[in-house]
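Engineer: Here it is, the structure in full.
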Amino acid sequence: MDPTEITRAIAAATSVAASLDLPADDAVVLHNSNRIALRLTPCDVLARVAPAGHGAAQFEVRLAQLLARAGCPTGLLEPRVDPLVYTRDGFTVTLWTSYESVTPRTSPVDYANALERLHAGMREVDVPSPRFTDRVAEAQAVVADPRLSPELTDADRAFLGGRLGSLRRSIEERGAVEQLLHGEPHPGNVLGTRNGPLFIDLETCCRGPVEFDLAHVTEAVCEHYPNVDQGLLDECRQLVLAMVAAWRWERGDQLPNGRRFGEEFLRLLREGPPWPTLDAVVRRLDGPDGS
């Protein structure tokens with residue numbers, strides 16, 4: 001969101017909280033992308049705020065309730081109010097439990113165990129959800145339309161569109177067992193809490209092979225996850241690199257240095273194996289010298 005939208009979004013969130021008798025005199029922006037995450041104080045609530053046209057809020061709230069009942073290690077909705085999607089001034093607002101981080105870094109073993117528990121619980125949840133291929137199709141649409149990715153060259157557009165399509169077909173042809181997944185269980189969506197690692201940001205949940213989720217985590221986490229199909233994981237890592245590349249070339253992408261990341265992901269896809277994990281690429285580009 002741009003600064004003007006953020007100001008309005010904060011006002012919407014604090015207004016909703018106040019109407020529910022949750023005092024919200026201050027708001028700290030924790031994350032900003034297509035929606036923002038705010039910590040409201042002194043009520044100590046996490047608010048997720050999105051433009052009203054962002055349609056995933058109701059899905060996320062319903063899914064959070066089902067996953068909590070299944071005992072999944074996920075962030076919980078705020079228990080002091082009804083589990084609803086609130087609307088205010090053109091925004092949707094959902095309210096969540098705010099957790100104090102107690103560990104600076106979740107160990108690979110704990111991370112893998114929590115992800116395995118999440119997947120086990122998700123197999124018990126019956127809820128309509130998109131497939132991972134729907135998300136691939138969204139990335140393909142960005143790449144295919146110059147109006148959506150105007151800075152992408154014709155050669156890069158053809159290469160990236162072709163790679164997205166071929167990887168999607170190859171993964172589907174493997175016929176791997178599919179189940180409900182988090183969709184983006186990368187370290188940015190994992191909180192270290194007194195109750196262990198908790199997964200947040202459930203709007204990306206989709207159906208697919210577990211290797212699609214594993215393609216978002218570190219190599220060390222994958223090493224502790226049981227029964228991984230390494231060939232499928234390699235293809236899913238390529239697919240995730242290609243999808244993230246598409247988002248970085250999308251008009252209006254707000255990630256700092258997004259174009260630089262987009263160029264690097266294209267280079268890595270052309271360079272070939274071994275396929276790096278997302279965290280390895282981010283660490284290198286965000287390092288002191290960016291090399």
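The values are calculated or read from the model by the stated rules, or taken from the named source; none is laboratory data. Note that the structure is a prediction, hence the values are computed from the model and not measured. So basically every Cβ, Gly included, is an ideal-geometry build from the backbone, and we count neighbours across all protein chains shown. For accessibility, only protein heavy atoms count, side chains too; no ligands or nucleic acids. Shrake-Rupley method; radii C 1.70, N 1.55, O 1.52, S 1.80 Å.
Engineer: Running Debye on segment 5-86 with equal point scatterers at the Cα sites and no solvent, what base-10 log of I(q)/I(0) appears at q = 0.21, 0.24 Å⁻¹?
Structural biologist: Debye output, listed in q order: -1.05, -1.29.
Engineer: Please compute the per residue accessible area over the chain with all protein chains in place, 1.4 Å probe, rounded to a whole number of Å².
Structural biologist: The answer is 47 Å² per residue.
Engineer: Between S107 and D44, what is 0.36 nm times their sequence separation minus the Cα-Cα distance? Round to one decimal in nm. Could you put the intermediate results ahead of the total?
Structural biologist: Numbers: separation 63, 0.36 × 63 = 22.68 nm, distance 2.69 nm.
Result for the pair: 20.0 nm of gain on full extension.
Engineer: For segment 36-174, which whole percent of the accessible surface, found with a 1.4 angstrom probe, sits on carbon and sulfur atoms?
Structural biologist: Details: 3380 of 6730 Å².
Answer for segment 36-174 is 50 percent, counting heavy atoms of protein chains only.
Engineer: Report, by chain and number, residues whose modeled amide H sits under 5 Å from the one on T193, excluding near sequence neighbours (fewer than 5 apart, same chain).
Structural biologist: Residues meeting the amide H criterion: V102, L198.
Engineer: Moving on to the next point. Kindly list the residues of segment 198-241 that lie in the label zone of A120, defined by a backbone N under 18 Å from the point 7 Å along the Cα-to-C-beta vector.
Structural biologist: 198-199, 210-211, 214, 222-228
Engineer: Largest first, please: the extent of the C-alpha atoms of segment 1-140 along each principal axis, to the nearest Å.
Structural biologist: 39, 39, 28
Engineer: Can I ask one more? Could you look at segment 238-291 and say what percent of its accessible area is carbon and sulfur, using a 1.4 Å probe and all protein chains? Don't jump to the answer; show the numbers that get you there.
Structural biologist: Values: 1450 of 2720 Å².
Of all accessible area on segment 238-291, carbon and sulfur atoms account for 53 percent.
Engineer: Could I ask something else about it? Report for the chain the percent antiparallel among DSSP-assigned beta bridges with both residues inside it, nearest 5.
Structural biologist: Numbers: 30 of 32 bridges.
Antiparallel: roughly 95 percent of the beta bridges in the chain.
Engineer: So which chymotrypsin sites (Phe, Trp or Tyr not before Pro) in segment 57-145 pass both tests, a DSSP loop state and at most 13 other Cβ atoms within 10 Å of the Cβ?
Structural biologist: Values: sites: F59, Y86, F91, W96, Y99, Y111, F132; in loops: Y99.
Passing sites in segment 57-145 do not exist.
Engineer: From the square roots a ≥ b ≥ c of the eigenvalues of the alpha-carbon gyration tensor of segment 179-278, which class results: rounded (a/c under 1.5), prolate (a/b over b/c), or oblate? All intermediate terms of the calculation are to be shown ahead of the outcome.
Structural biologist: Working: a/c = 1.84, a/b = 1.25, b/c = 1.48.
Here segment 179-278 falls in the oblate category.
Engineer: Quick check: residue separation of N257 and Q58 times 0.36 nm, minus the Cα distance between them. What number comes out in nm?
Structural biologist: Values: separation 199, 0.36 × 199 = 71.64 nm, distance 3.15 nm.
Taking 0.36 nm per residue and subtracting the Cα distance, the gain is 68.5 nm.
Engineer: With each run of n ≥ 4 DSSP H residues scored as -39500 (n - 2.57), what mean residue ellipticity at 222 nm is computed for the chain after dividing by its residue count and rounding to the nearest 500 deg cm²/dmol? Mind dumping the intermediate values first?
Structural biologist: Working: 10 runs with 129 residues, N = 291.
Result for the chain, helices only: -14000 deg cm²/dmol.
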